[in-house]
1. Would a scan of the stretch 459-476 turn up a residue that is touching a Leu at 6+ places or on another chain (Cβ under 7 Å) and closer than 29 Å to E275 by Cα?
2. Given the options R257, R267, name the one that is within 14 Å of the chain's Cα centre (by Cα) and either surrounded by 23 or more Cβ atoms within 10 Å (Cβ to Cβ) or assigned to a strand (DSSP E or B) (or both).
3. Out of all the residues in the stretch 500-527, which are out of contact with any Pro (no Cβ under 8 Å at 6 or more places or on another chain) and either open to solvent by 30 Å² or more (accessible area, probe 1.4 Å) or part of a loop (DSSP other than H, G, I, E, B) (or both)?
4. Looking at the stretch 227-251, I want the residues that are under 11 Å from Q303 (Cα atoms) and have a partner that is in a loop (DSSP other than H, G, I, E, B) and open to solvent by 20 Å² or more (accessible area, probe 1.4 Å) with Cβ atoms under 8 Å, at least 6 apart or on another chain. Which pairs are those?
5. Restricted to the stretch 286-311, and to residues that are of a type in the set (A, V, I, L, M), out of contact with any helix residue (DSSP H, G or I) (no Cβ under 8 Å at 6 or more places or on another chain) and in a helix (DSSP H, G or I), which residue is nearest to R438 (Cα to Cα)?
6. Taking into account only those residues within the stretch 324-336 that are open to solvent by 10 Å² or more (accessible area, probe 1.4 Å) and under 29 Å from the mean Cα position of the chain (by Cα), which is farthest from F362 (Cα to Cα)?
7. Residues in the stretch 261-280 that are closer than 23 Å to V371 by Cα and touching a strand residue (DSSP E or B) at 6+ places or on another chain (Cβ under 7 Å): how many?
8. Please state which of the following conditions D532 fails to meet, knowing it meets all the rest: (1) in a loop (DSSP other than H, G, I, E, B); (2) more than 21 Å from G453 (Cβ to Cβ); (3) acidic (D, E).
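The values are calculated or read from the model by the stated rules, or taken from the named source; none is laboratory data. Note that this is a predicted model, so its numbers are computed, not measured. Cβ placement follows ideal geometry from the backbone for every residue including glycine, while neighbour counts extend to all protein chains displayed. Side chains included, ligands, DNA and RNA excluded: accessible areas come from the protein's heavy atoms. Shrake-Rupley method; radii C 1.70, N 1.55, O 1.52, S 1.80 Å.
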Amino acid sequence: MKDYHSVSSYPRPLSSIIISVGLLAIFLTFASWVLLSYPIGDAVRNYFYGEDHMKSLHVPIIWENSSVSGVDGELKAGSVNRNTPFGETSILVGNGSSHETDGDKKKDLENKDQAEPELASDSSSKVDGELKTDSVNKNTPSGETSTLVGNGSSHESDGDKKKDQLASDSSSKEGRTRSSDPSENPDSHNVDLITSSVSGSNESNTSSVNPGCDLYHGHWFYDSSGPLYTNNSCPVLTQMQNCQGNGRPDKEYENWRWRPSQCELPRFNGTKFLELMSGKTLAFVGDSVARNQMESLLCILWQVEVPKNRGNRHMQRWYFRSKSVMIVRIWSSWLVHQTSEPFGDIPKGVVKLHLDLPDETFMQYIPNFDVVVLSSGHWFAKQSVYLLKKEIVGTQLWSLPNPKPMKINNVEAFGISVETSLTAMVTHPNYTGITIVRSYSPDHYEGGAWNTGGSCTGKVKPALPGEQAENGFTNIMHENQVTGFNRAIKKSTNGSKLKLMDITDAFSYRHDGHPGPYRSPDPNKITKRGPDGRPPPQDCLHWCMPGPVDTWNELVLEIIRRESEGSFRP
C-alpha cells in the first residue's frame with residue numbers, strides 16, 4: 001500500500017514556488033498580448049468586448065418614421081427568420097426608440113452613402129422609431145440592398161407572410177383607396193422590412209422561384225448594384241427623359257427594383273432576351289410612353305450588342321445581328337382609326353376617333369410581329385370627337401355647334417378603344433404572336449393637372465404605402481382598360497396570346513421616377529417653386545432613364561420566358 005503522506009516529508013523551498021508562479025504569469029501575459037494584437041485578436045475582442053464586427057459589412061441601421069399597423073404600432077422582437085435566400089441581412093423596423101448609442105448612429109450615417117439609403121417621403125416628418133434588433137432575416141437574395149415599399153410580402157416563410165399581410169394590399173381598387181386615406185390609416189408610413197446585403201452583381205438568376213406567380217403585387221426594394229446602363233452609355237435616350245444629363249441632382253430613383261410578393265423577378269439579362277427572341281420581332285405600338293419603354297429596352301440591350309438602325313418613315317427599327325432580333329416602334333396615339341377631315345359640323349383639324357375601327361397604321365404590319373407591346377390612354381385627355389358607326393357619340397375639349405346629349409365620355413371611349421384594338425389583334429387570321437397590354441401608366445401631378453400647376457418636384461424616393469396621392473382618373477382609366485381587355489379575350493379566334501402587364505398600382509408608388517422640372521439640358525431652367533409657391537413647368541408623366549421604366553422590360557422578358565417555357569399563368 002502506497003504511503004500518500006510521504007509527500008509532505010519533502011517540502012519545496014518557498015523560492016522555487018515564487019519562481020514558478022512568476023514564470024506562469026509572464027507566459028499568460030505574453031499569450032494574451034499575442035491573441036489581442038493579431039488577426040485572431042480582432043475576433044476575440046469582438047466576441048468578448050462586444051465590438052460590432054458587422055460594421056465592415058456596411059449595413060447601416062435605417063431610422064424611419066414608419067410603423068406597422070395591426071401589431072400595436074410596433075414590430076415585435078425575437079422574430080428571427082432563417083428561411084430567406086442566402087446573402088442578405090434583413091432588419092425589421094417599427095415604432096419606438098432605438099437601443100443604439102449615439103456613436104453607433106454616427107457610424108451608421110457615415111456608411112449611408114455606401115449602402116442602403118433611408119426611405120422616407122420628402123414631405124414626411126420624423127418620429128421616434130424603435131428598432132427591434134432581434135428581428136433579423138438571414139436568407140433574402142444576395143446582391144441586394146433593399147427597403148420594401150408597396151403592397152406585397154416576402155415569400156420565404158409563413159412568419160414573413162403574416163407580417164406582410166399587415167402592409168398595404170394592392171390587390172383591389174378598394175384596397176388602394178383605403179390605404180390612401182390617412183383618416184382611415186393613421187399609421188400610413190408603413191415600412192415593414194428593410195434588407196441589406198454586402199455584395200451585388202449585374203448578373204442574375206434568370207428564373208423566378210415560382211414560374212406561375214402573380215408578378216404585379218409586391219414591393220419596391222433598393223438595389224445597391226444600380227441600373228444596367230447609364231445616361232452616358234445609351235445613345236438613343238430621348239433628352240427629355242435624360243434626367244441626369246438634364247441636371248437632376250439625386251439618383252437613388254435609379255436603384256429601386258420591383259419584387260413580386262411570392263417570387264423573384266429576375267434582373268434583366270440582355271443575352272437571355274436575345275436568345276429567347278432569336279429570329280423574332282418585338283414591336284412597341286402606342287404613344288410617347290411606348291417610346292419611353294422602347295428606348296429603355298434598347299438602352300439595356302445596347303450594353304450587350306450595338307444594333308443596326310433599319311428604320312424608315314413608317315416605323316423605327318433596330319436590328320440585333322447576333323440573334324436576328326428586330327425591335328420596332330410604331331406611333332399610334334389612340335390605337336383606333338383617326339381622321340382630321342371635316343365631318344358634319346366638325347371642321348378640319350379636330351381629330352375624329354372611330355372607336356369601332358382599329359388603327360390601320362399598325363394593324364397592317366402585325367403578321368410580321370411575334371410580340372407586340374401596346375401602350376395607350378393618355379391621349380384621351382386631348383381634344384377629340386368620338387364616333388361609333390359614323391355617329392358622334394362623345395367629345396373631349398370640343399363643343400358641337402349644335403349641342404346634343406352625348407352617350408360616352410373620354411374614359412368610356414378609352415375602354416371601347418382597348419376592346420376594339422385588342423379584338424382586332426386576337427381575331428386577325430395571320431397573327432399568332434403574344435400581345436402584351438401594358439396597363440395605364442400613372443402620372444404624379446400633385447396639386448393640379450399638367451397644365452394647372454400639378455407638380456412632382458422634390459420627390460426623391462418611392463412613396464410609402466398610404467402615402468401615394470390618390471388619383472381617381474388613373475383608377476377609372478385602369479378599370480375601363482381592364483374591362484376592354486377582358487371583353488376582347490372572349491372574342492379570340494386566332495390562337496394568339498393576350499397578356500395584361502398590370503403595372504398601374506405598383507407604379508403609383510413611383511412619384512420619384514419622373515423628370516419633373518429636369519426636362520431639358522438648359523442650364524437656366526427653373527427647377528424650384530417661385531416666391532408665390534407655383535411650381536416650374538415639369539413632366540410628371542414620362543419616366544427618367546435609367547429609372548422605373550426599366551422594370552417594364554424586366555416584366556416583358558419574364559412574360560416571354562414563361563411563354564417560351566410553357567409555364568405562363570393563364
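1. For the stretch 459-476, residues touching a Leu at 6+ places or on another chain (Cβ under 7 Å) and closer than 29 Å to E275 by Cα: absent.
2. Details: R267 fails: either surrounded by 23 or more Cβ atoms within 10 Å (Cβ to Cβ) or assigned to a strand (DSSP E or B) (or both).
Every option except R257 fails the conditions.
3. Hits for the stretch 500-527 are L500, D502, I503, H514, P515, Y518, S520, P521, D522, P523, N524.
4. Pairs found: L228/N202; L228/Q303; Y229/Q303; T230/Q244; S233/Q303.
5. Step one: filter the stretch 286-311 for residues of a type in the set (A, V, I, L, M), giving 289-290, 294, 297-298, 300-301, 304, 306.
Imposing the further condition that a residue be out of contact with any helix residue (DSSP H, G or I) (no Cβ under 8 Å at 6 or more places or on another chain) reduces the set to 290, 294, 298, 306.
From the residues that got through so far, the ones that are in a helix (DSSP H, G or I) too are 290, 294, 298.
Numbers: A290: 9, M294: 12, L298: 18 Å.
Going through the qualifying residues, I end up with A290.
6. Let us first name the residues in the stretch 324-336 that are open to solvent by 10 Å² or more (accessible area, probe 1.4 Å), namely 324, 326, 329, 331.
So of that shortlist, the ones also under 29 Å from the mean Cα position of the chain (by Cα) come out as 326, 329, 331.
On the way: M326: 16, R329: 10, W331: 8 Å.
By that ranking, first place goes to M326.
7. Counting residues in the stretch 261-280 that are closer than 23 Å to V371 by Cα and touching a strand residue (DSSP E or B) at 6+ places or on another chain (Cβ under 7 Å) gives 5.
8. Every condition holds for D532 apart from (2).
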